[in-house]
Every structure is written in structure tokens, then in C-alpha cells.
Amino acid sequence: MTVLAGTTRAYDPAMTATRRLSPVDHFLVRSQHAVETVFGRPAAERPNPAGDEADVALDPAERRHAAGLMRINHVGEICAQALYVGQAAVARDPQTRAHLLEAAQEETDHLAWCADRLQELDDRPSLLNPLWYAGSYAIGVAAGLRGDGWNLGFVVETERQVEAHLEEHLQVLPPEDLRSRAILEAMKADEARHADSAEAAGARVLPPPIPTLMALASKVMKPVAYRI
Ligand SMILES: [Fe+2]
Ligand SMILES: [Fe+2]
């Protein structure tokens, strides 16, 4: 039985990529990942891109708006964790699985940076995070079961949509919120790289109406996550 206590990373690719785990081990590792992602405080491996950027005082309406946007982004990262771990759980090719888990680790940085910024803005993550995680995990498994080409295609489409969404947020953030801006810019660059590397790894293009349905789902989620 794998020792699960004391894990410092949100999801340890080495643990599942190189060791033979029993189905019970897998279940425990994934459950632990879910609990730590939703209720814990996953740590970033890279420094927060906000760095020394000034934390300019925002008026109450701007602060609430910035916090609403950063809550949406935090939810997006909760979903990214669940999607990638769900997809990796059923990936057939070990290389595809390793690719997904490596990307999940970078998404952990995004998750931690968004959580930090929410705290600085004196606000909280979404109360519906357990629900977002469970739904996204199920979608990740469903996408992964279609095969590795589809799995990677799903990554490409997700990352491209997130990249476009981050650009929108950069347009509507309060201009003086330099710390949120620095985080979103770094995330946007990472998401573009995730899409490029999934494409290079053999992603297939998802047929209609899947990209449209994915865009619709995020359109429904965003106003909810902005508030709750
Ligand atoms: Fe991300
Ligand atoms: Fe990403």
C-alpha cells in the first residue's frame, strides 16, 4: 500500500507513472488529490508571477469585480486539475498519461496563484468547487475513454478556449489591478504552450458540436462562479 500522508504536490506524476499501484491505491491517490485540490491549499512550484507588483488599493466595487474574475479563474483551474486527472486515469498510452499529469502540475501553479490573489483581494474560492471538480472529472474520464487522440484533442480545445477567456479577463480587469494581471498573463502563456504541446503529441481535431458544447458549458459556469 502506498504511503499517502505527507504529499506536498497536488498530484505526483512520478507516483503513478513509475510504480505499480493497486486499484485501491489509485482510488486513494485520486481521492486524496480531489480533497487537496478542493479543500486544501496546493503549493505552487514556480514563484507567483505577481512578484513585487504593487498591490494597488481598489475601491470596493473594483475589488469585488476583480475577486469575481479571479474566482472564475480559480474554478477554471479546479476544473483543469479534475479534467487532466480524469483523462490520465483512462489514458492508454503511458506517454499520454505522463503528458497529462505534467500539465496538471503546471495547472497546480495556476490554482495556487489564483488562490493567493483571491486571499489578497480578501475574498474566497467558489463554494461549489466540489461540484465543479466532480463534473470535470467525469467529463475528463468520458473524453479519455474515446482514445488518446481524442484525449489530447480535448486538451487542445480546452486550453485554446481558456487562453481566449484569459484574454477577455485581461481586457475587463480593473486597470490598476497589476497583480491579477501579471498572474493571468503568465497563465495565458502556459495555456498556449499546453495546447501546442498536446497538438505536437498527436491530438486530433474535435468534431462539431463538441467545441461549441464546451464553450456553452463554460458560458453557463462563469456567471455562477463569479458570484458563488
Ligand atoms: Fe491553467
Ligand atoms: Fe493549461
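Quick notes
- A 1.4 Å probe run over the chain, with the rest of the protein chains in place, finds 48 Å² accessible per residue.
- Helix 178-200 vs. the chain, principal-axis angle (Cα, 0 to 90°, nearest 10): 30
- Sites excluded, trypsin sites (Lys or Arg not before Pro) in DSSP loops with at most 16 other C-beta within 10 Å, longest stretch of the chain: 21-91
- Centroid-to-centroid, using Cα positions, segment 121-153 and segment 196-228 are 11 Å apart.
- For segment 45-121, the Cα gyration tensor yields ellipsoid semi-axes of 31, 14, 6 Å (square root of five times each eigenvalue, largest first, whole Å).
- Mean separation of Cα contacts under 8 Å (6+ apart) over length of segment 53-163, as relative contact order %: 37
- Debye log10 I(q)/I(0) at q = 0.08, 0.09 Å⁻¹ for the chain, Cα point scatterers: -0.27, -0.35
- Its alpha carbons give segment 162-215 an Rg and a Dmax of 14.0, 41 Å.
- Computed helical MRE - 222 nm, the chain, DSSP H runs ≥ 4 contributing -39500 (n - 2.57), nearest 500: -25000 deg cm²/dmol
- Segment 80-228, accessible surface, carbon-and-sulfur percent (1.4 angstrom probe): 62
- Magnitude of the charge dipole, the chain, Cβ model with Lys/Arg +1 and Asp/Glu -1, debye to 20: 960
The values are calculated or read from the model by the stated rules, or taken from the named source; none is laboratory data. What you are looking at is a predicted structure, and each value in this text was computed from that prediction instead of being measured. No Cβ is skipped: glycine too gets one built from the backbone with ideal geometry, and neighbour counts run over all protein chains shown. For accessibility, only protein heavy atoms count, side chains too; no ligands or nucleic acids. Shrake-Rupley method; radii C 1.70, N 1.55, O 1.52, S 1.80 Å.
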